[in-house]
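In what follows, a single structure is set out as structure tokens and then discussed.
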Amino acid sequence: MNRNVARGRSTREQLLQVATRLFATHGYEGTSIEAVLQESGASRGSLYHHFPGKEALFLAVLENLDLRVFAELDAARAGITDPVDALRASCVAWIRMAGRDREIQQIVLTDAPAVLGWERFRQLDEQNVLGEFRTVLAAAARSGRLDPGHVDVFAHLMMAAVNETATLIARSADPVAALPAAEAGFDEFLRRLLG
């Protein structure tokens, strides 16, 4: 690999690591480009070579977090053969991340809707999550667990419920303390919905 390319990748990763930490600690509004530059040791030119501005940097941080979230959700449902049980495991894993992971709490659940705007944030969520919910719920419908005509509406309800539960935890005064009741409530909701 060309040394300049390797150096560029290293700089980009360093900027993302520093920005992730700063956004999680201080929020989007409380994090300046200057702070990212100071802590990363990168030049302004390097930052703007990789990211046209603060919002683009934030979006790249969010995309990195999404990759980590999806890897954790995949691990949570690994080996589970029943689609509804796999969905339950993924949802509970997401709720637990909301309770325990400061980066998820601040960047994904608090700042992302405001920074990206509700419509864009929702589009990303639909691209990443809604299709999976539809697939699982269609399998549940084929096995008689719900009316096939309800699959799309239930997928939206599930996405709203799991995200609202995660947001409730993330915005609570003590997310770790809020976690058990939220997890139990969501599990009860899912059990009543799908059996």
Between residue 26 and residue 130, Cβ-based FRET efficiency (R0 30 Å, step 0.05) works out to 0.45
Distance in nm between residue 123 and residue 81 label points, each 7 Å along Cα→Cβ, equals 4.1 nm
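Counting other Cβ atoms within 10 Å, which trypsin sites (Lys or Arg not before Pro) in segment 118-195 have at most 11 and lie in a DSSP loop? Let's see the in-between values first.
Details: sites: 120, 122, 134, 142, 145, 171, 191, 192; in loops: 145, 171.
Passing sites in segment 118-195 do not exist.
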Quick calc: nm separation of the 7 Å Cα→Cβ label points for residue 156 and residue 74 -> 3.0 nm
Exposure proxy check on 36, 115: fewest-to-most Cβ neighbours within 10 Å is 115, 36
If amide H atoms are modeled at 1.01 Å from N in the peptide plane, then the residues at a separation of 5 or more from residue 146, or on another chain, having amide H under 5 Å from its own are 141
Once phi for every residue in segment 148-155 is put through the Karplus expression 6.51 cos²θ - 1.76 cosθ + 1.60 (θ = phi - 60°), the whole-Hz ³J(HN,Hα) values, with Gly and Pro written as x, are x, x, 9, 4, 5, 5, 4, 4
Residue-normalised 222 nm signal for the chain, counting each DSSP H run of n ≥ 4 as -39,500 (n - 2.57), nearest 500 deg cm²/dmol, is -24500 deg cm²/dmol
Here, residue 55 and residue 2, labelled 7 Å along Cα→Cβ, have an inter-label distance in nm of 3.1 nm
Check: C-alpha center segment 84-140 vs C-alpha center segment 149-195, spacing in Å is 11 Å
Subtracting the Cα-Cα distance of residue 63 and residue 43 from 0.36 nm times their residue separation yields 4.9 nm
Most fluctuating of 93, 155, 56 in the GNM of the chain (C-alpha, under 10 Å) is 56
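Can you sort 116, 67 by how many other beta carbons sit within 10 Å, fewest first?
67, 116
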HN-Hα couplings for segment 83-98 via Karplus (6.51, -1.76, 1.60; θ = phi - 60°), in whole Hz with x for Gly/Pro, come out as x, 5, 5, 5, 5, 4, 4, 5, 5, 5, 4, 5, 4, 5, 4, 4
Reviewing [x] 1.16; [y] 0.96; [z] 1.74, the figure for Cα Rg over 2.2 N^0.38 Å actually calculated from this model sits under [x]
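Multiply the residue gap between residue 171 and residue 145 by 0.36 nm, knock off their C-alpha separation, and tell me the result in nm, one decimal place. Working shown, then result.
Details: separation 26, 0.36 × 26 = 9.36 nm, distance 3.35 nm.
In short, 6.0 nm is gained.
Read-outs throughout are calculated quantities, based only on the coordinates presented, and are distinct from any laboratory measurement. Nothing here was measured: the structure is a model prediction, and the numbers come from that model. Neighbour counts are summed over all protein chains in view; Cβ atoms, including those assigned to glycine, are modelled from backbone coordinates with ideal geometry.
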